[in-house]
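Asker: Quick one: structure below, then a few questions.
The values are calculated or read from the model by the stated rules, or taken from the named source; none is laboratory data. All values derive from a computational prediction rather than experimental measurement. Virtual Cβ from ideal backbone geometry, glycine too; neighbours counted across all protein chains shown. Heavy atoms of the whole protein, side chains included, go into the accessibility calculation; ligands, DNA and RNA do not. Shrake-Rupley method; radii C 1.70, N 1.55, O 1.52, S 1.80 Å.
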Amino acid sequence: MRELPRPLADQEAHVHSHEVLITDWQPTLTKRKGVTKHKLLTERIIADIDADILPAHARMPTHRDLARQLGVSVQTVSLSYKEAERRGYLRGEVGRGTFVRSRVTEKADRFMLDRDPGETVDLSIIRAIYTQAHEDASRAVMRQLAQSDNSAFMRPCRPIAGLEHHRTAAQVWLRGLGVDAAKDRILITNGAAHGLFLAVTAIVRPGEIVLTENLTDHGIIGLANVLGFTLRGLPTDREGILVEAFEEACAAGGVTALVLVPSLGNPTSHVMGAERRRAIAEVARRYGVYVVEDEVYKPLLETPLPSFTDLLPDLGFFVTSFTKSVLTGLRVGYLVVPPQYTIRVASIMRVTSWSATNLPAEIATLWVEDGTARSLVDLQRREVRARQALVAEILGEHIARTNPLSLCAWLKVPPRWTEEGLVRMLAQKNIAVTPSDPFMAGADVTGGIRICIGGRLSHATLGRTLRTIAETFEQLPPVFDTSSIA
């Protein structure tokens, strides 16, 4: 049985199954007047990645080998690699080399459906569970809003950080998540992705190093591609990032921030315990590294755990939302920033969205105040446990990682199968799942398949779908999809 991820001691010896060493790449540089050699080489690298001549996760030639092959200086190659890395096409692994980065912003649609899949059972997207109770609550709050004076939240366009009573409700909700923040440190956002963008943009510049889990939510990978910072994945265990790996990366220098999902992390469902959180915070404090915690799943936890924004008041950013725990369409989030960042982050929000949308924020506020939000979280916990029990019963031997409160499960790839082969075969059976590619922030990981169990799925449909997955896993693949691993 393969463990995910491997212990730190095994990291250097392990090569990801996707990884290939490029040996037959023969780039040609066509001289153009006024264009430097390193710019020509950068353009060639990017063009060949876009054309899949250089596949994702492939290891690039060493600086010296490529310089010798092209008859250019090592500095020229170094400048080209650095620029391609800044633009999100390559990533450097200390002591291992340079690798082609997976372009999640361009490839995610291959794995995650973006519209109603018709007859397909869509297990490719994490979303909150939706029941009749959610439908009833939505209709009730719409009636309430229709019959009340809406001027208090429909007319104002300031303050940028959010209306006063929305931030007061945010304080109440955040205290339930272990975050005790002054109101002026809280910004209302259009969901967690918006909050993550604001936090990262405030502290990270193009070319700087940001650390995350080796397998992580594709949102931060996409941000690295868009904003041009260097994202490096760290090895993890069942509690998330290893303290010694984080310290080693910080000691090497140049690290600006750590972005992580400490609670029910996507896709492996890890939960970082209190002791691990304190140890990570202590390393961050010593090296002056910012920590951005994406806690969109934390409301589902039943055990109180400390937050990095409390452990690191001057370095910690906390992001959460209602979309994964209360209602998928309630795209409202709360961002907690260090005291010195309130003005800067509000200014970034102003130029990107002006402010969060007041109407959804008003719904979230009403539900926090009258207890509906907490009630729907409790309902979600019960339903998630029931669905995870089905996953354990039907797919038990195939599970690499999950948690009784997680909206997803990470499955092992059976012998002889490839991830993409499984995705294709299940798609033929009208089941959409996601392989490891969109989540990969580093090379040293064991692959897998993610299934999501949220949405409006009956137990009968979910059980039938899980049994089809189990039956497919037990089959031998078509000859053209057979893995090279015996």
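Asker: What's the whole-number percent of alpha carbon pairs in the chain lying beyond 44 angstrom?
Answerer: On the way: 17898 of 117855 pairs.
Pairs farther apart than 44 Å: 15 percent.
Asker: In addition: Need one number for the range 163-273: average projected area of the convex hull over its C-alpha atoms, nm².
Answerer: Result: a mean projected hull area of 7.7 nm².
Asker: Sticking with this one: Give the relative contact order (percent, whole number) for the range 292-362; include only Cα pairs under 8 Å separated by 6+ residues.
Answerer: 27 percent
Asker: Within the chain, which is the longest segment that contains none of the chymotrypsin sites (Phe, Trp or Tyr not before Pro) sitting in a DSSP loop with at most 15 other Cβ atoms within 10 Å?
Answerer: 26-353
Asker: Please report the Cα spread of the range 206-350 along all three principal axes, rounded to whole Å, starting with the longest.
Answerer: Each principal axis gives a Cα extent; for the range 206-350 these are 42, 37, 28 Å.
Asker: While we're looking at this one, here's another question. Among DSSP beta bridges lying fully in the chain, give the percent that are antiparallel, nearest 5. Don't skip to the answer; put the middle values down first.
Answerer: Working: 25 of 45 bridges.
So the antiparallel bridges in the chain amount to around 55 percent.
Asker: Next question. Report the percentage of all Cα-Cα pairs in the range 426-480 whose separation exceeds 12 Å, rounded to a whole percent.
Answerer: Result for the distance tail: 74 percent.
Asker: A further question follows. Once you have the Cα-Cα distance between GLU135 and THR303, take 0.36 nm times their residue separation minus that, and quote the gain in nm to one decimal. Before the final figure, lay out the partial values.
Answerer: On the way: separation 168, 0.36 × 168 = 60.48 nm, distance 2.82 nm.
So the extension gain works out to 57.7 nm.
Asker: Further question: Taking 0.36 nm per residue of sequence separation and subtracting the Cα-Cα distance, how much length would be gained by fully extending the chain between ARG456 and TYR287, in nm to one decimal?
Answerer: 56.3 nm
Asker: For ARG382 and ARG424 in one chain, what is 0.36 nm times their gap in residues minus the Cα-Cα distance, to one decimal in nm?
Answerer: Taking 0.36 nm per residue and subtracting the Cα distance, the gain is 11.9 nm.
Asker: Grab the beta carbon distance between ARG374 and THR468, set R0 = 56 Å, and tell me the FRET efficiency rounded to 0.05. Walk me through the numbers before you get to the answer.
Answerer: Working: r = 36 Å, r/R0 = 0.64.
Once the sixth-power term is evaluated, E becomes 0.95.
Asker: Here's a follow-up. Modelling each spin label as a point 7 Å along the Cα-to-Cβ direction, I'd like the MET142/SER73 distance in nm, to one decimal.
Answerer: 6.6 nm
Asker: Right, next: Strictly greater than 22 Å: what percent of every Cα pair in the range 117-189 meets that?
Answerer: 52 percent
Asker: Taking the Cβ of ARG467 as the centre, find all other residues whose Cβ is under 13 Å away and add up their charges (Lys, Arg: +1; Asp, Glu: -1).
Answerer: Charge balance in the 13 Å sphere: -1.
Asker: Applying the Karplus parametrisation 6.51 cos²θ - 1.76 cosθ + 1.60 with θ = phi - 60° to the phi angles of the range 446-462, what ³J(HN,Hα) value in whole Hz is obtained for each residue in order, glycine and proline being reported as x?
Answerer: Per residue, the Karplus-derived 3J(HN,Hα) values read 8, x, x, 10, 9, 10, 10, 10, x, x, 9, 10, 6, 4, 5, 5, 5 Hz.
Asker: Oh, and also: Specify the longest stretch of the chain that does not include any exposed loop site, a site being one of the GluC sites (Glu not before Pro) with a non-H, G, I, E, B DSSP assignment and at most 14 other Cβ atoms within 10 Å.
Answerer: Of all site-free stretches, the longest is 303-486.
Asker: Can I ask one more? Taking only C-alpha pairs under 8 Å that are 6+ residues apart, what is the relative contact order of the chain in percent?
Answerer: Details: 893 pairs, mean separation 99.4, N = 486.
Rounded, it is 20 percent for the chain.
Asker: To continue, here is another question. What order do ASP294, ASP310, ASP180 take when sorted by accessible area (1.4 Å probe), most exposed first?
Answerer: Order by accessible area, largest first: ASP180, ASP310, ASP294.
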